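In what follows, a single structure is set out as C-alpha cells and then discussed.
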Amino acid sequence: MDVASRPKPLPILAACAAWLAMWLATQGLFVINDQFPGGSLNTRLAWLTGYVAVVLAVAVVAFRRSGRAFMPRSKLLWLYAVPLALVLALPLHYSGPVAVPLLAAMIVITAFWQDYLSFGLVQTFIGQRTSAFWAVLITGGLFALGHVVFLAGRSAPLAFLTACAVYLAAGCLLAWLRELTRSIYATNAAHLSFLLVFTPVFSA
C-alpha cells in the first residue's frame, strides 16, 4: 500500500499548526511593526529582517538533512539571475519610505524564509504522508491562509474573497512548481521576482 492510499491526518494537522505558529511569529510581525518601539520605519524593519534572518539560519542548520530533499544541487539555480537583475533595478523605479538596500534585503530574506518553511519543510513533510496532489493543495492553502489572515476584517467581503482566491491560486502554483522541479529554486525565484516587481508598485 503506497503513501497516497494511507494518508496520516494527525501529523499533517500538527505540521499545519506548527507552520501557522512560525508564520505568525515571523511574517506576522511585519504586519504589526508599527506597534513596536524602535523609532523609524526603517529601524523597525531592519530589526525584524535581522530577526527573520537569524530564524532562517537556525532552521537551515537544524534541518540541514531535510533541506537536501528540496535544495539539491541543480542547474535551476540560474533562475536567480532574474531576481538578481530586479534587485539591481530597484533604485530605478522605487522611491518609497523604505531604504532601497533594506527593502531588497527584506524581500530576499523573508521570501526565502516563507518558501523554505512552506514549500520546503512543510510540503516535504506533508508529501511524505499523503499524495502529491494533496501536498500541493494543502501547502498552497497554507500559503494563502498566511496572507489573508491579516486581511480578515480589514477589507470588504468581496475584496477579501477575491484575495483568498488569488492567494490560493498563487500558493498552489508555487507548490506545484516545487513538486514539478523537486526543489524550491523555481518557486523561490518566481516568488522573489513577483515581489521585486510589484512591491514598488503597491507602495507607490
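Values for this structure:
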read-out	value
Sequence of ILE184, ILE109 when ordered by accessible area, the most exposed leading, probe 1.4 angstrom	ILE109, ILE184
Length gained when the stretch ALA159-LEU84 is fully extended (0.36 nm per residue, less Cα-Cα span)	23.8 nm
Tilt relative to the chain, helix 81-93 - C-alpha long axis, 0 to 90 degrees, to 10	20
Option label - semi-axes √(5λ) of the Cα gyration tensor in Å computed here, alternatives [x] 38, 19, 18; [y] 28, 20, 17; [z] 35, 21, 16	[y]
In the range 50-154, the trypsin sites (Lys or Arg not before Pro) that fall in loop regions by DSSP, at most 15 other Cβ within 10 Å	ARG73, ARG154
Max mean-square fluctuation residue, GNM over the chain, Cα-Cα springs under 10 Å, options PRO83, PRO72, PRO97	PRO97
Nearest-10 value in Å² for the accessible area of VAL136, using the 1.4 Å probe	20
Cα gyration tensor shape of the range 110-204, rounded if a/c is under 1.5, else prolate or oblate by comparing a/b with b/c	oblate
Relative contact order %, the range 144-204, counting alpha carbon pairs below 8 Å whose residues are six or more apart	24
Inter-label distance, nm, simple model (7 Å from Cα along the C-beta direction), ARG182/VAL58	3.3
C-alpha long axis of helix 100-115 to longest principal axis of the chain, angle in °	10
Accessible area in the full protein assembly, largest first, 1.4 Å probe, for HIS93, HIS147, HIS191	HIS93, HIS147, HIS191
Cα principal axis extents for the range 20-77, largest first, Å	42, 24, 17
Accessible area in the full protein assembly, largest first, 1.4 Å probe, for SER155, SER183	SER155, SER183
With Cα atoms, 0 to 90° folded angle of helix 9-31 axis to the chain main axis	0
Sum of -39500 (n - 2.57) over DSSP H runs of 4+, divided by residues of the chain (222 nm, nearest 500)	-24000 deg cm²/dmol
Largest-first ellipsoid semi-axes for the range 43-134, taking √(5λ) over the Cα gyration tensor eigenvalues, angstrom	29, 17, 12
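The values are calculated or read from the model by the stated rules, or taken from the named source; none is laboratory data. Predicted model, so just to flag it, every value in this text is computed and none were measured. Cβ: placed from backbone, ideal geometry, glycine included. Neighbour counts: every protein chain shown. Ligands, DNA and RNA are excluded from the accessible area calculation, which covers all protein heavy atoms including side chains. Shrake-Rupley method; radii C 1.70, N 1.55, O 1.52, S 1.80 Å.
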